[in-house]
Amino acid sequence: MTNSVLILNGPNLNMLGTREPEVYGKLTLADIEELCQARAAELGLNVDFRQSNAEGELVDWIQTAAADHAAIIINAGAYTHTSIAILDALRAAGLPVVEVHLSNIFQREEYRHNSYISEAANGVICGFGSKGYELALEAAKTLIA
Ligand code: DQA
């Protein structure tokens, strides 16, 4: 059984660091990957950390995830609120799913309150900034075990 967790990041998350730092914090996505790698090592997990601005590429990665990974952590960015395609792919993947958001989407605009991803997620972590990724790894470890 693999101990590898696929961490997927959707559109505009490559802009972290300069993108609305008052909402998303000052860390870059590379900084967050570093935090994830360190926490994963402590938890005895491996991490495959990816980002794409393309919905189809995220779907492709989810479709093949089960071959190499035991769980998926996903921050789908704005696709969270629009993408039935990503929802369907997550359902088909047959892996535990932890949904993450840096910001508290329920304190924000109403169009961010609905998440299609949540329908396929075991749980959701939002509002804790980059710490949410580390919490998601802990949740993933529990779900894998
Ligand atoms: C986000 C919240 C989404 O509403 C937004 O479109 C993002 C980032 C977050 O991490 O808080 O791109 O997923």
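The values are calculated or read from the model by the stated rules, or taken from the named source; none is laboratory data. Quick caveat, the model's predicted, so the values are computed rather than measured. Methodologically, a virtual Cβ is constructed for each residue, glycine included, from the backbone with ideal geometry; neighbour enumeration extends over all protein chains shown. Ligands, DNA and RNA are excluded from the accessible area calculation, which covers all protein heavy atoms including side chains. Shrake-Rupley method; radii C 1.70, N 1.55, O 1.52, S 1.80 Å.
Among the residues of region 67-91, just one is within 12 Å of the ligand (Cβ to nearest atom), of a type in the set (Gly, Ala, Ser) and without any contact (Cβ under 8 Å) to a residue 60 or more places away in the chain, namely Ser83. Number of residues in region 44-83 that are in a helix (DSSP H, G or I) and either out of contact with any Leu (no Cβ under 7 Å at 6 or more places or on another chain) or buried (at least 18 other Cβ atoms within 10 Å of the Cβ) (or both): the value is 17. Per this entry, Gly94 is counted among residues that are free of Cβ contacts under 8 Å to residues at least 60 places away in the same chain, on the phi > 0 side of the Ramachandran plot and more than 12 Å from the ligand (Cβ to nearest atom). Apart from one condition, Asp88 fits all of (1) closer than 25 Å to Val23 by Cα; (2) open to solvent by 10 Å² or more (accessible area, probe 1.4 Å); the exception is (1).
Please go through region 97-108 and pick out each residue that is of a type in the set (A, V, I, L, M, F, W, C) and in contact (Cβ under 8 Å) with a residue 24 or more places away in the chain. Give the steps one after another, and end with the answer.
Filtering region 97-108 for residues of a type in the set (A, V, I, L, M, F, W, C) gives 97-98, 100, 102, 105-106.
Answer for region 97-108, where residues must be of a type in the set (A, V, I, L, M, F, W, C) and in contact (Cβ under 8 Å) with a residue 24 or more places away in the chain: Val97, Val98, Val100, Leu102, Ile105.
Say we look at region 109-127 and pick out the residues that are touching a residue at least 12 places away in the same chain (Cβ under 8 Å) and assigned to a loop (DSSP other than H, G, I, E, B); which of these is surrounded by the fewest Cβ atoms within 10 Å (Cβ to Cβ)? That would be Asn114. Scanning region 1-11 for residues that are of a type outside the set (Ser, Thr, Tyr), surrounded by fewer than 21 Cβ atoms within 10 Å (Cβ to Cβ) and within 15 Å of Phe49 (Cα to Cα) yields Asn3, Pro11.
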